[in-house]
Amino acid sequence: MPELPEVAAIADYVDGRAAGLPIRRVDVASLSVLKTADPPYTALMDRIVESVGRVGKYLVIRTIPGSAATASEPLLQLVIHLSRAGWVRWSEDLSPKPLRPGGKSPIALRVHCGLPGEGFDVTEAGTQKRLAVWLVRELTEVERIAGLGPDALELTAEQFAEILSGTTGRIKNVLTDQHTIAGIGNAYSDEILHTARLSPFASSKTLKPDQVATLYDAMRGVLTDATGRLEGQAVARLKSEKRTGLRVHARTGLPCPVCGDTVREVSFADRSFQYCATCQTGGKVLADRRMSRLLK
């Protein structure tokens, strides 16, 4: 799932190519991704891409009226949540043929902007379709955005400590709860907790002040480092570049780069997380329900 650093890099990359360009056409191949009907997606025709940015893990494309577009909608915003398997691909060689709805292509949405052939595809791999797209006048019209907590990179240490003091539950879940802190997902929460030397199962309510301070520094450091490493990268390189910077996430069975212990995994129904027992749990191996079932 693209998280704060990847969405920021995608926004920066697309903004550098699309900002100022007119939208010539929008093709929708998967109607199920559209979560709004008013205004219709056809209202984007002849509008100008003003900017491309990020709110939490959401990509936001701001558009303003062009010379041929109606001025009754001063601002329309295309909001995209890439979910687990969504992605954005910029191209200068898009086919002029309209997309066929209901086909087997991973392309869900195509935006033609600028010269013929220029624009971007919004794609989703796999069979679990969770990609979501909204066209709204105000971001608060997107219920999920209206309910977001503060952005992870905009929090001060004091604000972070105050937020944690009002939470309960495992710290891994707190960090990934978008209502509490926006922008962090499964991968970077693993990296943050490894850097902070905290167990994913640690209770947020029982963390000591020095642990909270260390966790805040780890959050800032991991996200800032990842954002800086991905900045300016072509969208096609972001996934591989992300993997090179990970120390524990998706590295089950490999040595921890800090202590050399084996990176371990805890699996759930549809997801898993990784950690280092030596660095994070005092050597204790966390219970893995999947393995427990296999051993019965």
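Just so it is clear, none of the values below were taken in a lab; they were calculated from the coordinates. Model, not experiment: these values are computed from the prediction. A quick note on method: Cβ atoms are made from the backbone with ideal geometry, for glycine too, and the neighbour counts reach across all protein chains shown.
Taking a straight Cα-Cα cut-off under 24 Å and skipping sequence neighbours fewer than 8 places away in the same chain, the lysines within cross-link reach of K57 are K35, K129, K172, K239, K242. Once the mean of 1/r is taken over each pair of separate Cα atoms and inverted, the chain shows a Kirkwood hydrodynamic radius of 20.6 Å. Considering only S204, V60, S165, and ranking their Cα positions along the charge dipole of the chain that arises from unit charges at the beta-carbon of Lys, Arg, Asp and Glu, the one farthest toward the positive end is S204. Between amide H atoms placed 1.01 Å from N, distances below 5 Å from A182 occur with G149, D151, A152, all of them 5 or more places distant or on a separate chain. Put in order of Cβ neighbour count within 10 Å, fewest first, the listed residues L99, L135, L31 become L31, L99, L135. Helix 186-196 and the long axis of the chain differ in direction by around 40°, with both axes built from C-alpha atoms. Can you give the longest stretch of the chain with no exposed loop site, where a site means GluC sites (Glu not before Pro) in a DSSP loop (not H, G, I, E or B) with at most 13 other C-beta atoms within 10 Å? After excluding every exposed loop site, the longest remaining stretch is 1-91.
If you rank D261, D93 by fewest surrounding Cβ atoms within 10 Å, what's the result? Neighbour counts put them in this order, fewest first: D93, D261.
Karplus-derived 3J(HN,Hα) values for the stretch 161-171, using 6.51 cos²θ - 1.76 cosθ + 1.60 with θ = phi - 60°, are 5, 5, 4, 5, 5, x, 10, 9, x, 5, 4 Hz; glycine and proline are entered as x.
Helix-only arithmetic for the chain: the sum of -39500 (n - 2.57) across DSSP H runs with n ≥ 4, divided by the residue total, places the mean residue ellipticity at 222 nm at -8500 deg cm²/dmol. Going from the fewest other Cβ atoms within 10 Å to the most, the residues C259, C276 appear in the order C259, C276. In terms of its alpha-carbon gyration tensor, the stretch 120-196 comes out oblate; a/c meets the 1.5 threshold, while b/c is at least as large as a/b.
Cysteines in the chain that lack a partner Cβ within the 4.7 Å cut-off: C113, C259. Counting only Cβ charges, +1 for Lys and Arg and -1 for Asp and Glu, the dipole size of the stretch 1-42 around its Cα centre is about 260 debye. When the P(r) of the stretch 157-295 is calculated, the portion above 17 Å amounts to 61% of the C-alpha pairs.
Against the chain, whose longest principal axis comes from its Cα atoms, helix 209-230 is set at around 40 degrees.
With the charge dipole of the stretch 4-146 set up from +1 on Lys and Arg Cβ and -1 on Asp and Glu Cβ about the Cα centre, the Cα lying farthest toward the positive end among the listed residues L31, P96, V7 is that of L31.
With respect to the chain, whose longest principal axis is taken over its alpha-carbon atoms, helix 4-18 is tilted by about 20°. Each Lys and Arg contributes +1 and each Asp and Glu -1, all at the Cβ; summed about the Cα centre of the chain, the dipole is approximately 1320 debye.
Extents of the stretch 40-176, largest first, come to 54, 38, 24 Å (Cα atoms, principal axes, whole angstrom).
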